[in-house]
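Engineer: Below is a structure I'd like to ask you about.
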Amino acid sequence: MLDRLEPQAPDALLALIKLYADDERADKIDLGVGVYRTGQGDTPVFAAIKQAEQRLVEEQESKSYLGPEGDMGFVNALIPHAFGRDGTMGGRLQGMQTPGGTGAVRLAVAVAQRAGVSRIHLGAPSWPNHAQILADVGVEAAMFEHANPDGTANAEAALAAIRGAKEGEAVLLHGCCHNPTGIDYSPEEWDAIADAFAGGAALPILDLAYQGLGHGMEEDAYGLRRVLDAVPEALVAYSCDKNFGMYRDRVGALYALARDAGQIDAIQSNLNALARAAWSMPPDHGGAAVRIVLRDADLTALWLDELETMRERMRRVRQSLADAGTAGAVDLAPLAHQNGLFSVLPVSKEQVERLRTEHAIYMAGSGRINVAGLHGGNIEKFVQALAAVTG
Ligand code: PMP
């Protein structure tokens, strides 16, 4: 039977990793993979996490099963950072641990489907896995334009999708540091989005995978908090894999906001059943390490410091690119106002290919770059190469 399976196209970004690894040119630049890098090109373990892991090794007495909801100490410790001091919203908000933000998105889509959602509106372009998850769960994807050609957010398109959505529809928005464009809604646009959700039928699904990588932990949560304050119900997928540097340890959480506190147990029981059938329970180690950081004031301060260093480095890279003005046909100025790891450059597939073959610069075929792949030692080369292939 298995011989009936057609080969699937390999994941383009994973294929790019291999090509980059095999390239022997010393000045090669990797702008493909979606991880933070220091100015030296490393993706180190956070010092706060290292210390927490050491404590975990010393203090952990059992690895016996927890349950489908995972480490609730971790899930609850994250609430004030993501949702604000009064984050539990009078008992209407509850979370559970998931295998990364991917697990949280998957569970959000699956539980929304159980609740009657058959169509989810999604800004295009989006993180490619959003569409893959919708297709795999069996929910229709309805696309709207995320950005305007001038590099600003197309909030009108999101508002139209929210206002036009009927019962049985959801709208999925990135909370901050939009992947792949880096283009986020302004606070005023979030205010309008929150009002539109409050006055409409759409279920809000918010995906927060980069909190703290844009303007700060509080600033990056503005939209999420504004929407949650305005609506009766919502689902929030959260990833700690970037802002705690946990990537392969797969640390995430899914939070549900219920119409009233009495409904939260029914929602949670459905989430538990779906998680049980999918992965039974999430991997423990990373969530436990994040819990230790968040329950210790010194480690929390250290983590926030490390996060700030990352954020400021990415801001400096963005500013240097914007200061370069234009590179050939590409206007780099908008990058200064975009957030997080990614931006999309207006380059063709052929130009992306030439950057790789002629200049050893690796980026996604969509024109997405990871700005953290750039630093003082390679920005000039990058700008010159971009000018050479687009000029
Ligand atoms: N949502 C978005 C928008 C993302 O970009 C990512 C990761 N690249 C995720 C969710 C999932 O992150 P992870 O599963 O690695 O925690």
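The values are calculated or read from the model by the stated rules, or taken from the named source; none is laboratory data. All values reported here derive from a predicted model rather than from experimental measurement. When we count neighbours, we look across all protein chains shown, and the Cβ atoms used for this are built from the backbone with ideal geometry, even at glycine.
Engineer: Can R226 be described as part of a helix (DSSP H, G or I) and either over 15 Å from the mean Cα position of the chain (by Cα) or not assigned by TED's automatic domain parsing to the domain that holds A104 (or both)?
Structural biologist: Considered against the rule, which asks whether it is part of a helix (DSSP H, G or I) and either over 15 Å from the mean Cα position of the chain (by Cα) or not assigned by TED's automatic domain parsing to the domain that holds A104 (or both), R226 comes out as yes.
Engineer: Can you name the condition, by its number, that F46 falls short on among (1) more than 16 Å from the ligand (Cβ to nearest atom); (2) in contact with a Gly (Cβ under 6 Å, 6 or more places away or on another chain)?
Structural biologist: (1)
Engineer: Could you pull out the residue among E169, E189 that is among the charged types (D, E, K, R) and surrounded by 23 or more Cβ atoms within 10 Å (Cβ to Cβ)?
Structural biologist: On the way: E189 fails: surrounded by 23 or more Cβ atoms within 10 Å (Cβ to Cβ).
Within the list E169, E189, the selection yields E169.
Engineer: In addition: Just to verify a result, which residue in the range 303-316, among those that are surrounded by 19 or more Cβ atoms within 10 Å (Cβ to Cβ) and not charged (D, E, K, R), is farthest from F244 (Cα to Cα)?
Structural biologist: Step by step, filter the range 303-316, then rank; the result is M314.
Engineer: In the range 328-349, is there at least one residue being among the polar types (S, T, N, Q) and under 24 Å from Q51 (Cβ atoms)?
Structural biologist: No, the range 328-349 contains no residue that is among the polar types (S, T, N, Q) and under 24 Å from Q51 (Cβ atoms).
Engineer: If you check A161, A157, which single one turns out to be touching an Asp or Glu at 6+ places or on another chain (Cβ under 7 Å), part of a helix (DSSP H, G or I), more than 13 Å from the ligand (Cβ to nearest atom) and in the same structural domain as Q263 (by TED's automatic domain parsing)? Step through it out loud before you land on a result.
Structural biologist: Numbers: A161 fails: touching an Asp or Glu at 6+ places or on another chain (Cβ under 7 Å).
Among A161, A157, only A157 is touching an Asp or Glu at 6+ places or on another chain (Cβ under 7 Å), part of a helix (DSSP H, G or I), more than 13 Å from the ligand (Cβ to nearest atom) and in the same structural domain as Q263 (by TED's automatic domain parsing).
Engineer: Using the structure shown, decide if G252 is surrounded by 23 or more Cβ atoms within 10 Å (Cβ to Cβ), within 15 Å of the ligand (Cβ to nearest atom) and more than 15 Å from the chain's Cα centre (by Cα).
Structural biologist: On the way: surrounded by 23 or more Cβ atoms within 10 Å (Cβ to Cβ): yes; within 15 Å of the ligand (Cβ to nearest atom): yes; more than 15 Å from the chain's Cα centre (by Cα): no.
When the stated conditions are applied, G252 does not pass them.
Engineer: Same structure, new question: Here are the criteria: (1) more than 15 Å from the ligand (Cβ to nearest atom); (2) in contact with a helix residue (DSSP H, G or I) (Cβ under 7 Å, 6 or more places away or on another chain); (3) of a type in the set (F, W, Y). Tell me which single one Y20 does not satisfy.
Structural biologist: Failing condition for Y20: (2).
Engineer: Does T102 satisfy the criteria of being modelled with pLDDT under 95 and of a type in the set (S, T, Y)? It would help to see each step written out before you state the result.
Structural biologist: Working: modelled with pLDDT under 95: no; of a type in the set (S, T, Y): yes.
Here the answer is no, as T102 does not meet what is asked.
Engineer: Every residue in the range 229-250 that is touching a Pro at 6+ places or on another chain (Cβ under 8 Å) and touching a residue at least 40 places away in the same chain (Cβ under 8 Å), please.
Structural biologist: Of everything in the range 229-250, those that are touching a Pro at 6+ places or on another chain (Cβ under 8 Å) and touching a residue at least 40 places away in the same chain (Cβ under 8 Å) turn out to be L235, G245, D249, R250.
Engineer: Now for a separate question. Of all the residues that make up the range 43-96, how many are crowded, with 16+ Cβ neighbours inside 10 Å, out of contact with any strand residue (DSSP E or B) (no Cβ under 9 Å at 6 or more places or on another chain) and without any contact (Cβ under 8 Å) to a residue 40 or more places away in the chain?
Structural biologist: Qualifying residue count, the range 43-96: 0.
Engineer: Sticking with this one: Among the numbered conditions (1) assigned to a helix (DSSP H, G or I); (2) over 22 Å from the mean Cα position of the chain (by Cα), tell me where P232 comes up short.
Structural biologist: (1)
Engineer: Identify, please: which residue in the range 170-192 is more than 15 Å from the ligand (Cβ to nearest atom) and not in a helix (DSSP H, G or I) and is, among those, nearest to A110 (Cα to Cα)? If you could, list the steps in order and put the result at the bottom.
Structural biologist: Going residue by residue through the range 170-192, those that are more than 15 Å from the ligand (Cβ to nearest atom) are 170, 186-192.
Applying the additional criterion that residues be not in a helix (DSSP H, G or I) yields 170, 186.
Values: A170: 12, S186: 30 Å.
Ranking the qualifying residues of the range 170-192, first place goes to A170.
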